[in-house]
Amino acid sequence: MTDTVSKARFDEKFEPGQADPRWQSAWEKARTFEADSNSDKPKSFVLEMFPYPSGRIHMGHVRNYTMGDVLARYKKMRGFEVLHPMGWDAFGMPAENAAMEQGVHPGGWTRQNIEAMKAQLKRIGFALDWSRELATCEPEYYGHEQSLFIDLYEAGLVYRRQATVNWDPVDMTVLANEQVIDGKGWRSGAEVEKRKLDQWFLKITDFADDLLDGLGPLDGWPDKVRLMQENWIGKSTGLEFSFDVSNGGKLPVYSTRPDTIYGASFVAVAADHPIAQELAETDPKARAFCDDCKRGGTTAAEIEAGEKKGFQTQLTARHPFTGEALPVFIANFVLMDYGTGAVMGVPGHDQRDFEFATKYDLPILRVVAGDPADADKPFGNEAEAGDGVIVNSDMLNGMSVEDAKAKVIGRAEAEAWGNGTTVWRLRDWGVSRQRYWGTPIPFIHCDECGVVPVPKDQLPVVLPEDVDFKQPGNPLLRHSTWKHTSCPKCGADAQRETDTLDTFVDSSWYFLRFASQPSDRPFDPEEVAKWLPVEQYIGGIEHAILHLLYARFWTRALKHIGQIDFAEPFASLFTQGMVTHELYSRRDDDDGRQTYFTPAEVNRSGEAATLKTDGQPVDIGRVVKMSKSKKNVVDPDAILAEFGADSARWFMLSDSPPERDLPWSVAGIEGCHRFVQRVWRLCGAVDVDASGENKDLARKTHQTIAAVAQDIEALSFNKAVARLYELTAAAEKAAPSTSRNHAIVTLLQLVSPMIPHLAEEAWDLLAPALGHSGLIADAPWPAVDEALLVEDEVTIAIQHMGKLRDTVTAPKGADKETLEALALSSEKVQRSIDGKEIRKVIVVPDRLVNIVA
RNA sequence: GCGGGUGUGGCGGAAUGGUAGACGCCGGGGACUUAAAAUCCCCUGAUCCUAUAGAUCGUGCGAGUUCGAGUCUCGCCACCCGCACCA
């Protein structure tokens, strides 16, 4: 190093407190990360799921955005024009909760949070294009959403119908599922009722087939997510037919297992099925049962996990084949929303039916067996839902499940008492929310004209600012003037819709708005065509179904009405794991309750942990997802202040594979900080006077360039990190040479997407000595010398009966005979063979020799 | 309950069916120092052992396929995520 000033700087510690803001403002000033729509480079749209502005960035965000950031910076180095934007999923319940609890306005609270979180994100040095920032709670965003909603309405994809909500009779308000705890309202503690309201729906079921078919080609998505969506859409083919009921009526049922029709021993209908409702009017007991079913939450999990209960009516249904009279029940586990709201109960081959039949002592018949000889085999403790051969079923005996299904459907159709039909588990998307802090649904209710869309030139329908949350219920509903308006059609007095849209609507098109933000329309189709689809989308696995399915639907719906020309918004998807931390707690002696402590309140050393305030031990619990309620959270700001952005970023990428959980630890971040300083010191070892080459180090350097590129493209950051540690160690150990200088500056380029502040600082200091200029963020990815990737020698494992006995080195590409001879000449191997007859020798070139003896 | 996933040293993890434990953390030993911090070097799966050598066991549990299984197949167990008004 000829420049002694720079050399001296590397002898001092790297100071993130000074370097981080310096380079952050350098990037901002140079507009380094602003995407240029007019660029002729190939484009790359890297997107992480935008955050809800809860107030503070948490470690999960840091992890999510660091991954996207590394990819975005890497893509830029590889010559792509990168779009990497950020916005705010800014509508939602927490703002209303804050309003109720702290008396602040949801808007003020949200906007303040956005400012605070934006500042936090900037301190981490993310390569974001802030010029495209958006917040869904601003009329400049949701006004366009209203316009799109009206477009979908006019295309016939929006409709209204009655649907059930959780109603809190004390707070007089609709509750979200998470606000219902053990069937009671979270604030009032009152028993929650199911109540029907007129609500808005989107016809996602129109696209069920297309959403399903679209999954196949989405090979950039994890198989598990595609499978989850497939199961969620839940296409099934089965038989719909009607039972003749003893009261002279018909009862349509749907079954996915018509092959088991001979095993039917009862029929069950949902509590809100017309038959049940009719009965409830005359029979007080039936009514009591139906009312009982209305209590408790509306979630599928509660209904299906709960006890199977039924009420036996006096009705019977005639079996279409045997003519037997089957009892008709009202049952709490039958869903009105699926199929016809009525099922034939086959206890032997459906677990829910099995539990129900056991409870009500109904016959459990075997109609499927593993083997025809097992036709009379008794059942164990559960139903047998698997494959097998049909038994005890007259004309179906001996058939496979598949064939029997076809035969029953064929016969039903031929005899005209039933039809083979396709049924979907997917239901239409209910988007009505009886809340203030959301996008107002842009419709007007007129006594004369009915439901009328707000004319587009009157959009946006803006939320009123003057609302209070002192009373329960929807502030829009009781606002003195807001909802009163006139009908756009006839001019008569009319009322605004007071429901707002589900926030999943906001997140179903924000990626389009990032491409361009015209004020007169939701997006510019040309810009959207240029940037979309998103090359890489990154977010939590918890969004595997709802958000991702809704966004896929919305994109299809916009294509359907001709506004865009593609159906899939996200070419590749990556679902990252959570950030976890161990729990610190004490059990309270008096009431046995657990009191939790934050990691900041605890001194952690070795196996023990003590509370800072009293020095007494606390219990160390399991490692679980960071959550406010368990207090096992670490504040990113505190970490940035102590270690700087680069150490935090490096930690997020190290060790744990990105799709798995990442356990936070102080020791871990300290280790990362040491590495950052190590790279800094190593940069001081650049010596422009050095001469001579080091082939091993040069090979290692080029192998690392290739491997790290591969790892980043696969988002295997932990593997890239391991490679970079190896190159660092190799460069440290090597004597000065031109190869070493090259190794160090290459290392700097390779780590620059991960620890960009240090990389810029060192790059800048090395500039006079090495002759480069500009920002490292603008520098290209180093070139690989392919010739240097190949090793001359390889280590061959020698096994006897599959067990390792020795290793030898051999020239790469040695032939089988050479390797076999080499293996047999090994003393250790001979000792192991011990004179036994060699029956076979397996040789895997450049790998191993296995002697079977 | 249904659907999806995960399981490898003290810890996080690596490993196209081919040398299990790369890399990092923790821990132990040493160097440097008046001392400490920082830094550097060495060791670090378990058991046995005649101990620089060698042997056996070992990837949640139980079977199986294979010359060879962390990896493939079947059956279990534990934990995590989602279940339509949390985002």
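The values are calculated or read from the model by the stated rules, or taken from the named source; none is laboratory data. Quick caveat, the model's predicted, so the values are computed rather than measured. Cβ sites come from the backbone with ideal geometry, for glycine too, and all protein chains shown count toward neighbours. For the accessible areas, the whole protein counts, side chains as well, though only heavy atoms, and no ligand, DNA or RNA atoms are used. Shrake-Rupley method; radii C 1.70, N 1.55, O 1.52, S 1.80 Å.
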In the range A:342-383, anything open to solvent by less than 20 Å² (accessible area, probe 1.4 Å) and part of a helix (DSSP H, G or I) is listed as A:Pro347, A:Gly348, A:His349, A:Asp353, A:Phe354, A:Phe356, A:Ala357
In the range A:540-554, is there at least one residue being away from RNA strand B (no atom under 15 Å from the Cβ) and assigned to a strand (DSSP E or B)? no
Filtering the range A:838-853 down to residues that are open to solvent by 50 Å² or more (accessible area, probe 1.4 Å), near RNA strand B (Cβ under 6 Å from one of its atoms) and hydrophobic (A, V, I, L, M, F, W, C) yields A:Ile842, A:Val844
Name the single residue, out of those in the range A:179-201 being among the acidic types (Asp, Glu) and within 30 Å of A:His445 (Cβ to Cβ), that is surrounded by the most Cβ atoms within 10 Å (Cβ to Cβ). A:Glu193
From (1) more than 12 Å from RNA strand B (Cβ to nearest atom); (2) in a helix (DSSP H, G or I); (3) touching a residue at least 12 places away in the same chain (Cβ under 8 Å), pick out the condition that doesn't hold for A:Asn632. (2)
Starting from the range A:502-514, take each residue that is assigned to a loop (DSSP other than H, G, I, E, B) and list its partners that are within 10 Å of RNA strand B (Cβ to nearest atom), counting only C-beta distances under 6 angstrom and pairs at least six apart or across chains. A:Asp502/A:Val431; A:Asp502/A:Arg433; A:Ser507/A:Asp89; A:Ser507/A:His547; A:Ser508/A:Tyr550
Which ones in the range A:555-599 are assigned to a helix (DSSP H, G or I) and in contact with a strand residue (DSSP E or B) (Cβ under 7 Å, 6 or more places away or on another chain)? A:Pro599
Conditions: (1) within 29 Å of A:Ala709 (Cβ to Cβ); (2) part of a loop (DSSP other than H, G, I, E, B); (3) within 16 Å of RNA strand B (Cβ to nearest atom). A:Trp781 meets all but one. Number of the miss? (3)
Does the range A:696-729 hold any residues that are over 28 Å from A:Phe574 (Cβ atoms), more than 10 Å from RNA strand B (Cβ to nearest atom) and not hydroxyl-bearing (Ser, Thr, Tyr), and which are they? A:Asp696, A:Leu697, A:Ala698, A:Arg699, A:Lys700
Sort out which residues of the range A:62-94 are open to solvent by less than 20 Å² (accessible area, probe 1.4 Å) and closer than 30 Å to A:His105 by Cα, and write them in order of number. A:Val62, A:Asn64, A:Tyr65, A:Pro85, A:Met86, A:Gly87, A:Trp88, A:Ala90, A:Phe91, A:Gly92
Can you name every residue in the range A:206-229 that is within 14 Å of RNA strand B (Cβ to nearest atom), of a type outside the set (Lys, Arg) and open to solvent by 40 Å² or more (accessible area, probe 1.4 Å)? A:Asp206, A:Asp223, A:Leu227, A:Met228
Counting only residues in the range A:717-754 that are under 26 Å from the mean Cα position of the chain (by Cα) and surrounded by 18 or more Cβ atoms within 10 Å (Cβ to Cβ), the one nearest to A:Phe80 (Cα to Cα) is identified as A:Pro753
Quick check, is A:Gly17 surrounded by fewer than 22 Cβ atoms within 10 Å (Cβ to Cβ) and part of a loop (DSSP other than H, G, I, E, B)? no
Write out, first by first residue and then by second, each pair whose Cβ atoms fall under 8 Å of each other, whose residues are 6+ apart or on separate chains, and whose first residue, in the range A:834-853, is under 11 Å from A:Ile798 (Cβ atoms) while the second is part of a loop (DSSP other than H, G, I, E, B) and near RNA strand B (Cβ under 8 Å from one of its atoms). A:Asn850/A:Met801; A:Asn850/A:Gly802; A:Ile851/A:Met801
Just the residues that are without any contact (Cβ under 8 Å) to a residue 60 or more places away in the chain and either open to solvent by 10 Å² or more (accessible area, probe 1.4 Å) or in a loop (DSSP other than H, G, I, E, B) (or both), please, taken from the range A:447-462. A:Asp447, A:Glu448, A:Cys449, A:Gly450, A:Pro455, A:Asp457, A:Gln458
Has the range A:790-807 got at least one residue that is in a helix (DSSP H, G or I), more than 10 Å from RNA strand B (Cβ to nearest atom) and of a type in the set (A, V, I, L, M)? no
In the range A:405-446, which residues are of a type in the set (D, E, K, R), open to solvent by less than 50 Å² (accessible area, probe 1.4 Å) and closer than 30 Å to A:Pro320 by Cβ? A:Lys405
